[in-house]
1. Which one of 165, 177, 184, 153 is under 25 Å from the mean Cα position of the chain (by Cα) and either of a type in the set (A, V, I, L, M, F, W, C) or on the phi > 0 side of the Ramachandran plot (or both)?
2. Taking the range 181-201 as the search range and keeping residues that are charged (D, E, K, R) and over 18 Å from residue 171 (Cβ atoms), which one is surrounded by the most Cβ atoms within 10 Å (Cβ to Cβ)?
3. Residue 108 fails exactly one of the following numbered conditions: (1) polar (S, T, N, Q); (2) at pLDDT below 90; (3) open to solvent by 60 Å² or more (accessible area, probe 1.4 Å); (4) within 23 Å of the chain's Cα centre (by Cα). What is the number of that condition?
4. Consider only pairs whose beta carbons are under 7 Å apart and that are at least six residues apart or on different chains; among these, list those whose first residue lies in the range 81-100 and is of a type in the set (D, E, K, R) and whose second residue is surrounded by fewer than 22 Cβ atoms within 10 Å (Cβ to Cβ) and not in a loop (DSSP other than H, G, I, E, B).
5. When residues of the range 1-20 are filtered for being crowded, with 16+ Cβ neighbours inside 10 Å and at pLDDT below 90, how many remain?
6. Could you tell me whether residue 75 is among the acidic types (Asp, Glu), open to solvent by 80 Å² or more (accessible area, probe 1.4 Å) and modelled with pLDDT under 90?
7. Within the range 40-58, is there a residue that is open to solvent by 30 Å² or more (accessible area, probe 1.4 Å), among the small types (Gly, Ala, Ser), free of Cβ contacts under 8 Å to residues at least 60 places away in the same chain and assigned to a helix (DSSP H, G or I)?
Amino acid sequence: MFENNPKELYMNNYKILVIDDNKAVLRSLKLILNGVFRSVVTVPDPHLIPALLQEGDVDVVLLDMNFDSRKLDGEEGLFWLNRINEIKNSPAVVLITAFGDIDLAVRSVQQGAEDFITKPWSNDVLIQKLENAIVKHRAKQQTASLVAEAEVLQNKIVSNRKLSLEELERQHIMDVLEQEKGNLVSTSERLGISRQTLYNKLKKFGTII
């Protein structure tokens with residue numbers, strides 16, 4: 001089915017979770033996305049999100065922004081967006097609503113959504129946005145991982161540098177101590193430190209117990 005369309009083959013490797021309280025919308029999206037994604041899971045209740053993401057095999061979430069007909073300000077969608085983003089290695093999130101406006105779109109992106117789409121939607125635009133969301137999200141996660149690795153490496157370098165300085169100090173003190181035949185008074189005088197400081201350093205180095 002996908003032999004002549006590399007793009008569809010690419011998307012077919014991924015799993016999508018669709019959350020919308022409108023069952024007609026879920027059925028439509030299921031039909032549209034079944035031929036594009038490896039797996040399409042549709043649910044009407046956002047409270048199922050934590051359990052459905054527990055396995056870590058979802059690549060993108062298409063999330064409705066309103067689940068309470070008495071409150072159509074998108075706050076529910078933003079709430080669940082933030083819960084998803086708290087999950088380690090979270091999936092990409094694209095928000096969908098029939099009551100979207102530019103301010104809500106900006107807020108959703110600022111809070112971690114990869115994109116935003118309004119109902120009714122264009123199938124081609126929707127699929128393109130989902131694909132782009134996966135690619136962008138994975139790139140950001142990879143960048144964050146590289147930054148974290150770089151920070152760990154930098155900390156190791158600083159730690160090793162500190163250890164090297166301490167080792168140099170230890171070697172210098174031991175050399176002077178040997179030249180002074182173990183005399184702490186003359187050694188401390190040559191080093192320009194008090195006898196107590198010298199004693200503390202030798203104890204720290206494990207020379208004196």
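The values are calculated or read from the model by the stated rules, or taken from the named source; none is laboratory data. Worth saying up front: this structure is predicted, and the values here are computed from it rather than measured. Reconstructed Cβ throughout: ideal geometry from the backbone, glycine too, with neighbour counts over all protein chains shown. Just so you know, the surface numbers come from the protein's heavy atoms only, side chains and all, with ligands and any DNA or RNA stripped out. Shrake-Rupley method; radii C 1.70, N 1.55, O 1.52, S 1.80 Å.
1. 153 is the lone residue from the list that is under 25 Å from the mean Cα position of the chain (by Cα) and either of a type in the set (A, V, I, L, M, F, W, C) or on the phi > 0 side of the Ramachandran plot (or both).
2. Let us first name the residues in the range 181-201 that are charged (D, E, K, R), namely 181, 189-190, 195, 201.
Adding the requirement that they be over 18 Å from residue 171 (Cβ atoms) leaves 189, 195.
Working: 189: 15, 195: 12.
Within the range 181-201, the match that is surrounded by the most Cβ atoms within 10 Å (Cβ to Cβ) is 189.
3. (3)
4. These pairs meet every condition: 83/49.
5. Matching residues across the range 1-20 total 2.
6. For residue 75, the condition - among the acidic types (Asp, Glu), open to solvent by 80 Å² or more (accessible area, probe 1.4 Å) and modelled with pLDDT under 90 - is not met.
7. yes
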